[in-house]
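S.K.: Sharing a structure below in structure tokens format, with a few things to ask.
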């Protein structure tokens, strides 16, 4: 993805694109705020950017941005935005299809320059919908909608591909429509040091009815669940719970998950790679309790960092190897051209 200089027209919305990326920010980040989650939401995903920025894992990822295709974040500097300093947290609200997801980004006033620039786009226009003043702009032929609210030194951006889910989310935030109640299903809740949290109240149809056989095997019978990933006291933790239609479905999926974990251990061992990840997979606990399946993992943060560094090195070496034939071909063409210019 390319980003134009602020003085040039943007062909994409970097604000919308970056709110989808799982990275960034500094102070004031907080756990999932139920008050902004519509009662109709099937899935809520919350990324605590402050926790990520301060974690050992987050720092390791950002040290190897190129290996994880995150160099595009540097383009925000054109607007005076430093992601780890200025982005606070990101919440994604999904009631139906992914195309209608509402993204809520909290940030510092640094995003004002980017938002103001969006207003100057050739096809950008202000619009009013059910009493809300929104901005609409064109992103490669598709309309986008958003609004940025200001409160002292905090900015909250609401973004969506459709103005109706956007307005519905704003009504919830304003207390005009009901918010989602905390879960009573006994599923995993955000823990201390939580970085990424998924709350699935009802598995969306696009996952439940997926054409992918593997996705069907893993997700087909799930009705609700939660995933919590975080880092605390030098330890990375992952806890997940999934509720199924029946105890048999939970047991069947438990066996599939155990099989995949075993396959992963064998694959890494056979290639003599990711020793720390092999050890983590050994510690992975997958159990079934009635119609619920639970997964938990405790992994030393130092081991997770080592795995990230190994993965980054492998990715970088792979990219270099892939470039070698291209460079050789280019050099050969230059040599051929040079020889053809010599006098007979």
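Here, each number is a calculation from the coordinates, and none is a lab measurement. In this text, all values refer to a predicted model and were calculated from it rather than measured experimentally. So basically every Cβ, Gly included, is an ideal-geometry build from the backbone, and we count neighbours across all protein chains shown.
S.K.: At R0 = 22 Å, how high is the FRET efficiency between residue 245 and residue 285 if r is their beta carbon distance? Nearest 0.05 is fine.
M.R.: The calculated FRET efficiency here is 0.45.
S.K.: Can you give the translational diffusion coefficient of the range 128-233 in µm²/s, computed by Stokes-Einstein from the Kirkwood radius over Cα pairs at 4 °C and 1.567 mPa s?
M.R.: On the way: Rh = 17.2 Å.
Answer, rounded: 75 µm²/s.
S.K.: Pull out the extension gain between residue 113 and residue 310, defined as 0.36 nm times the separation in residues minus the alpha carbon to alpha carbon distance; nm, one decimal.
M.R.: 67.2 nm
S.K.: Rg over Rh of the range 204-322, using C-alpha atoms and the Kirkwood radius, what does it come to? Walk me through the numbers on the way to the answer.
M.R.: Details: Rg = 16.4 Å, Rh = 16.0 Å.
Ratio of gyration radius to Kirkwood radius: 1.03.
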